[in-house]
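Trainee: Could you have a look at this structure, given as structure tokens, before my questions?
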């Protein structure tokens with residue numbers, strides 16, 4: 001876990017003091033709202049439908065217990081006792097009061113946290129695989145890279161006024177759990193034929209109103225050249241990205257308009273001109289950062305835990321949890337546990353302050369003090385001994401956090417939608433709740449297997465609907481909420497965008513339509529091992545199209 | 001016309017006499033072309049003056065009891081609070097119970 005040095009700490013405290021003064025000047029009338037808005041956004045403070053909303057950065061989703069405890073304290077002291085985990089691995093508070101935000105930011109700074117660059121046209125919180133450092137399929141922990149980029153991009157004077165926001169994600173594993181192909185820049189740590197580690201660089205991916213899959217612009221970038229190469233990309237974008245139309249200002253549009261080859265040529269030309277040595281971090285600094293992410297002291301344990309196996313045999317509920325929410329750890333005798341923040345029927349990603357404290361306590365007791373926030377809006381305890389899993393699960397049951405649905409149909413990503421968000425065109429959370437309630441039966445969920453439903457309440461796609469195996473987009477159709485369904489999206493290493501299944505349907509019709517889509521899948525899949533997305537890839541959309549028709553029409557057709 | 005209060009961010013409505021009220025029932029309603037124009041002028045003035053944030057006009061109707069009901073579901077949600085947390089927002093205090101989605 002990275003610890004601030006004195007410069008980091010001073011930068012954050014200075015920013016809080018600056019914002020305190022800016023708030024004061026807004027309140028006494030010396031700043032207009034127009035002048036103040038960009039200043040508050042630079043500190044992650046939005047205005048939503050019912051209140052202000054504060055977005056707190058959780059760099060690459062990694063937290064230690066005392067930070068989560070402080071977030072719980074802040075949620076109680078300044079907000080309504082809960083927070084919302086987002087698809088950028090951040091935490092949002094929905095009810096802070098403007099005059100209290102500077103004090104809130106000071107309390108955040110006490111645990112080395114802030115809201116800088118969680119909004120605005122700058123490089124946003126860098127995200128990473130939530131199983132970083134523990135995944136068995138990993139080439140290297142992506143977090144030192146993410147931390148290096150965080151340090152380089154924080155308050156970078158050249159890249160503080162980009163044409164539009166800019167999102168970077170890093171994965172170090174073969175299986176892409178960080179959705180890097182739908183980021184402005186996606187980095188994959190890879191090993192070349194000589195055994196050296198470097199980056200595969202993707203540029204121009206993104207969701208929103210013009211979804212695109214990122215293009216590979218370098219198959220192998222040597223590790224120590226990263227910052228200079230990123231700087232070359234950013235310079236090309238900063239200079240040539242469109243500023244005349246905010247809907248065409250993201251780097252994906254530039255890459256698309258001039259073509260990948262032309263974009264590569266521009267980046268390489270810029271890169272050739274740069275004095276790499278003056279930009280790249282020196283090896284000692286890279287080693288200093290990497291040392292913060294050294295693994296905890298693992299015990300030498302057998303790969304199989306007798307206690308764990310016996311508990312599974314004894315307790316079917318525990319066995320179900322163990323089958324879905326555990327992830328293979330690279331160290332024998334350990335596992336990484338996904339704590340689902342998706343209890344059936346609750347808003348996805350909302351955690352109460354009591355739950356945050358319970359998770360902090362459990363991380364301290366069982367997971368080397370560490371937690372991860374996932375872009376799927378769950379929490380991971382990354383270093384748990386198999387011997388401890390049953391005790392931990394019992395504590396999760398107490399806290400109402402034992403839902404055995406990681407990766408299953410009720411593990412739904414949903415943006416806040418029109419229940420909170422000013423940009424939304426329809427609600428997302430009630431749709432997620434209705435679907436989860438419909439598929440509550442754990443046995444049926446297990447039968448259906450891996451299936452990601454992702455819901456956005458507007459075209460900006462914070463709920464990642466384009467890359468949902470089933471994607472749902474809420475729109476306003478003549479004053480009525482209306483939902484478009486897409487199939488076949490995938491955020492992973494075989495990234496693909498979902499295709500529209502047919503015309504939009506009313507909110508009440510959504511659970512039934514999902515039910516029929518799932519029934520069709522169960523009918524046509526080539527055995528239980530073929531996942532939903534694999535079936536859609538094999539058979540296409542046609543077999544699923546009748547699912548959107550009313551039941552009577554289906555019966556007649558039969 | 002509604003806006004968000006500067007300090008707390010809660011929804012407020014433009015009431016007769018130019019004050020801002022947390023109650024939908026207090027909202028001044030433009031019923032003629034001339035009133036609509038004056039409301040738009042008040043909106044522009046409120047925006048320039050900055051005591052509230054993002055003033056916007058929204059269409060409303062009345063129910064059988066003569067109570068104001070926002071026409072669009074977005075304004076209904078603003079009048080009530082999050083539909084997924086009925087313990088929060090104006091609805092928690094029993095405000096605007098006659099408004100339904």
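Trainee: In a Gaussian network model over chain B where Cα atoms closer than 10 Å are linked, find which of B:18, B:66, B:81 has the largest mean-square fluctuation.
Mentor: B:66
Trainee: Once you place label points 7 Å from the Cα toward the Cβ at residue A:508 and residue A:175, how far apart are they in nm?
Mentor: Each label point is offset 7 Å from its Cα along the Cβ direction, giving 4.1 nm.
Trainee: Also, I was wondering about something else. How high is the FRET efficiency from residue B:35 to residue B:86, r the C-beta distance, R0 35 Å, rounded to 0.05?
Mentor: 0.55
Trainee: Using the Cα gyration tensor of the protein assembly as shown, with a ≥ b ≥ c the square roots of its eigenvalues, what is the shape: rounded (a/c below 1.5), prolate (a/b larger than b/c) or oblate (neither)?
Mentor: rounded
Trainee: Hey, with R₀ at 56 Å, roughly what FRET efficiency would residue A:246 and residue A:306 work out to, going by the Cβ-Cβ distance, to 0.05?
Mentor: 0.40
Trainee: Would you please classify the overall shape of the stretch B:2-93 from the alpha carbon gyration tensor, given that a ≥ b ≥ c denote the square roots of the eigenvalues, rounded means a/c under 1.5, and beyond that prolate means a/b larger than b/c while oblate covers the rest?
Mentor: Since a/c reaches 1.5 but b/c is at least a/b, the shape of the stretch B:2-93 is classed as oblate.
Trainee: Follow-up question, since we're still on this one. Ignore the peptide's own chain and count Cβ atoms of other chains within 10 Å of each Cβ in A:422-432; give me the average, rounded. Before the final figure, lay out each step's value.
Mentor: Values: counts 4, 0, 2, 1, 2, 7, 1, 4, 4, 0, 1.
The mean count of partner-chain Cβ atoms within 10 Å per residue comes to 2.
Trainee: Percent antiparallel among DSSP beta bridges with both residues in chain A, to the nearest 5?
Mentor: Restricted to chain A, the bridges split so that about 80 percent are antiparallel.
Trainee: Which of the three applies to the stretch A:277-375, rounded, prolate or oblate, going by the alpha-carbon gyration tensor with a ≥ b ≥ c and a/c under 1.5 meaning rounded?
Mentor: Working: a/c = 2.61, a/b = 1.47, b/c = 1.78.
Oblate, because a/c is 1.5 or more while a/b does not exceed b/c.
Trainee: Okay, next question. Given the C-alpha centroids of the stretch A:276-297 and the stretch A:38-56, what is the distance between them in whole angstrom?
Mentor: 33
Trainee: Still on this model: Going highest first, how would you order A:300-306, A:221-227 by mean Cβ packing within 10 Å?
Mentor: Averaged packing, sorted descending, gives the order A:221-227, A:300-306.
Trainee: Could you work out how much longer the chain between residue A:299 and residue A:423 gets when fully extended? Use 0.36 nm per residue separation minus the Cα distance between them, nm to one decimal.
Mentor: Details: separation 124, 0.36 × 124 = 44.64 nm, distance 4.93 nm.
Contour length minus Cα-Cα distance gives 39.7 nm.
Trainee: Quick one: helix B:33-49 against the long Cα principal axis of chain B, what's the angle to the nearest 10°, folded into 0 to 90?
Mentor: So the helix axis and the longest Cα principal axis differ by about 90 degrees.
Trainee: Also, quick follow-up: Using a Förster radius of 45 Å, what is the FRET efficiency between residue A:528 and residue A:32 based on their Cβ-Cβ separation? Nearest 0.05, please.
Mentor: Efficiency, from the Cβ-Cβ distance: 0.15.
Trainee: Another one. In whole angstrom, note down how far apart the Cα centers of the stretch A:400-462 and the stretch A:178-248 are.
Mentor: Rounded to whole Å, the Cα centres lie 29 Å apart.
Trainee: Sort A:160, A:353 so the one with the fewest other Cβ atoms within 10 Å of its own Cβ comes first. Display every interim value, and only then the final one.
Mentor: Values: A:160 15, A:353 21.
Ordered by Cβ neighbours within 10 Å, fewest first: A:160, A:353.
Trainee: Let me ask something additional. Please average, across the residues of B:76-84, the number of beta carbons from any other chain that are within 10 Å of each residue's own beta carbon, and give a whole number.
Mentor: 6
Bear in mind that the values in this text are calculations on the coordinates, not laboratory data. Source: prediction; values computed, not measured. Positions of Cβ are generated from backbone atoms using ideal geometry, with glycine treated the same way; all protein chains shown enter the neighbour counts.
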